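Okay, so here's the structure we're looking at.
The values are calculated or read from the model by the stated rules, or taken from the named source; none is laboratory data. Just so you know, these numbers come straight off a predicted model, no measurement behind them. Don't worry about glycine lacking a Cβ; one is built from the backbone with ideal geometry, like all the others, and counts go over all protein chains shown. All accessible areas refer to the heavy atoms of the entire protein, side chains included, with ligands and DNA or RNA removed. Shrake-Rupley method; radii C 1.70, N 1.55, O 1.52, S 1.80 Å.
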Amino acid sequence: MTRRPLIAGNWKMNLDHLQSIALVQKLAWTLKDASYDPKGVEVAVFPPFTDLRSVQTLIDADRFTLAFGGQDLSPKDAGAYTGDISGAFLKALGCTYVIVGHSERRQGHGETDEIVNAKVLAAVRHGLVPVICVGETEEELELHGTSAVPVAQTKAALAGVPAGTPVVVAYEPVWAIGTGKVATPETAQQVGVAIRAAVAAVLSDDDAAETRILYGGSVKSGNIAGFMRKPDVDGALVGGASLDPTEFAGIARFPDHVGA
Ligand code: PGA
């Protein structure tokens with residue numbers, strides 16, 4: 001089973017729609033100059049909602065081989081939910097993916113495992129691939145050890161998802177996000193194995209073999225290779241470094257530095 005690595009850029013609340021066009025253009029050109037092979041690595045960007053239409057139009061017009069997705073979605077499909085965005089709208093804009101359960105939403109917006117699960121089910125209903133974020137805080141790490149929280153969050157997020165549904169899981173230790181502190185590749189591998197077993201338990205062995213498990217938390221072009229050498233790390237969810245197209249393209253070109 002070969003899983004196509006996914007390098008995903010989570011822009012968070014950065015870049016307006018004009019800035020998004022400039023970044024995507026520069027990213028696509030930088031990747032092209034570097035002979036980036038989209039068959040070997042998939043690159044996706046996750047702009048703010050207000051940028052999605054611009055990003056879609058540019059990618060379609062210039063035939064860039066970049067995927068894109070939303071950073072969140074509503075658990076509901078339509079109706080009186082002021083400020084929320086339906087998965088149906090993201091699908092209509094050509095999104096392939098949607099991030100669900102990022103720790104900034106779990107912590108800053110009170111998203112429980114139940115809400116995350118409802119959002120995963122909404123994504124699946126609308127034909128979007130959820131990029132499910134899981135990860136422990138520093139206190140949880142001390143209390144429960146390395147894999148317990150990500151495994152429990154993965155199982156809760158996938159409840160009721162039918163076997164055969166494509167999903168991506170991103171292991172993002174909360175203490176590593178935006179801090180410059182990175183998990184070791186060995187820890188990412190250990191948690192990757194545990195998450196894969198959780199996917200097998202809830203979905204199926206085939207799904208587990210096909211599911212891409214990403215590492216996220218202070219990923220840069222200088223540390224990506226160590227993660228990508230691990231068999232159960234299938235890519236990265238990149239925050240800060242995805243706002244710099246040269247740096248992000250350097251991460252996407254990890255096969256150049258992974259070596260034998
Ligand atoms: P970071 O963020 O790369 O800035 O640490 C990762 C994320 O939150 O997805």
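Take the residues in the stretch 166-180 that are open to solvent by 20 Å² or more (accessible area, probe 1.4 Å) and out of contact with any Lys or Arg (no Cβ under 8 Å at 6 or more places or on another chain); name whichever of them is farthest from the ligand (Cβ to nearest atom).
We begin by selecting, within the stretch 166-180, every residue open to solvent by 20 Å² or more (accessible area, probe 1.4 Å); these are 166, 174-175, 177-180.
Next cut, out of contact with any Lys or Arg (no Cβ under 8 Å at 6 or more places or on another chain) only: 166, 174, 177-180.
Values: P166: 20, V174: 9, I177: 4, G178: 4, T179: 7, G180: 8 Å.
My answer is P166.
Please name all residue pairs, on different chains or six or more residues apart, with Cβ atoms under 7 Å, provided the first residue is in the stretch 91-102 and is on the phi > 0 side of the Ramachandran plot and the second residue is open to solvent by 10 Å² or more (accessible area, probe 1.4 Å) and within 16 Å of the ligand (Cβ to nearest atom).
Here the result reads G101/E111, each pair linking the stretch 91-102 to a residue that is open to solvent by 10 Å² or more (accessible area, probe 1.4 Å) and within 16 Å of the ligand (Cβ to nearest atom).
Are any of the residues in the stretch 203-218 crowded, with 19+ Cβ neighbours inside 10 Å, farther than 18 Å from T137 by Cα and of a type in the set (S, T, Y)? Show your work before the answer.
Applying the first criterion (crowded, with 19+ Cβ neighbours inside 10 Å) to the stretch 203-218 yields 203, 207, 211-218.
Add one more test, that the residue is farther than 18 Å from T137 by Cα, and what stays is 203, 207, 211-213.
Narrowing further to those that are of a type in the set (S, T, Y): 211.
Yes - at least one qualifying residue is present in the stretch 203-218.
Quickly run through the stretch 137-162 and pick out the residues that are under 22 Å from L203 (Cβ atoms) and surrounded by 17 or more Cβ atoms within 10 Å (Cβ to Cβ). Talk me through it step by step, then tell me what you get.
First pass over the stretch 137-162, keeping only residues under 22 Å from L203 (Cβ atoms): 147-162.
Within the stretch 137-162, S147, V149, P150, V151, Q153, T154, K155, A156, A157, L158, V161 qualify.
Out of all the residues in the stretch 230-244, which are more than 26 Å from A152 (Cα to Cα), in contact (Cβ under 8 Å) with a residue 12 or more places away in the chain and open to solvent by 20 Å² or more (accessible area, probe 1.4 Å)?
First pass over the stretch 230-244, keeping only residues more than 26 Å from A152 (Cα to Cα): 240-244.
Now drop any that are not in contact (Cβ under 8 Å) with a residue 12 or more places away in the chain, which leaves 240-243.
Matches in the stretch 230-244: G240, L243.
Across the stretch 3-54, which residue is most open to solvent (accessible area, probe 1.4 Å) among those that are basic (K, R) and touching a strand residue (DSSP E or B) at 6+ places or on another chain (Cβ under 6 Å)?
Step one: of the stretch 3-54, the residues basic (K, R) are 3-4, 12, 26, 32, 39, 53.
Within this subset, residues satisfying the condition of being touching a strand residue (DSSP E or B) at 6+ places or on another chain (Cβ under 6 Å) are 3-4.
Details: R3: 55, R4: 95 Å².
It comes out as R4.
Scan the stretch 78-127 residue by residue and report those that are open to solvent by 50 Å² or more (accessible area, probe 1.4 Å), within 18 Å of the chain's Cα centre (by Cα) and of a type in the set (K, R).
K91, R105
Filter the stretch 67-90 for residues that are more than 16 Å from the ligand (Cβ to nearest atom) and in contact (Cβ under 8 Å) with a residue 60 or more places away in the chain and give the result.
The answer is none; no residue qualifies.
If I filter the stretch 229-253 down to residues being acidic (D, E) and out of contact with any Leu (no Cβ under 7 Å at 6 or more places or on another chain), which single residue comes out as farthest from the ligand (Cβ to nearest atom)? Talk me through it step by step, then tell me what you get.
The first filter runs over the stretch 229-253 and keeps only residues acidic (D, E), leaving 232, 234, 244, 247.
Next, from what is left, pick out any that are out of contact with any Leu (no Cβ under 7 Å at 6 or more places or on another chain): 232, 244, 247.
Numbers: D232: 19, D244: 11, E247: 11 Å.
Out of the qualifying residues, it is D232.
I'd like the residue in the stretch 100-129 that is hydrophobic (A, V, I, L, M, F, W, C) and touching a Leu at 6+ places or on another chain (Cβ under 8 Å) and, out of all such residues, is farthest from the ligand (Cβ to nearest atom).
Among residues in the stretch 100-129 that are hydrophobic (A, V, I, L, M, F, W, C) and touching a Leu at 6+ places or on another chain (Cβ under 8 Å), the one farthest from the ligand (Cβ to nearest atom) is A122.
Could you list, in sequence order, all residues of the stretch 156-191 that are under 17 Å from P5 (Cα atoms) and among the acidic types (D, E)?
E172, the sole residue that qualifies.
Please return the ranges of strands (runs of 3 or more DSSP E) entirely within the stretch 158-260 where 1 or more residues are of a type in the set (D, E, K, R).
Working: elements: 168-171, 212-216, 235-238.
Fully inside the stretch 158-260 and qualifying: 212-216.
Please give the number of the condition E142 fails out of (1) modelled with pLDDT of 95 or more; (2) assigned to a helix (DSSP H, G or I).
Every listed condition holds for E142 apart from (1).
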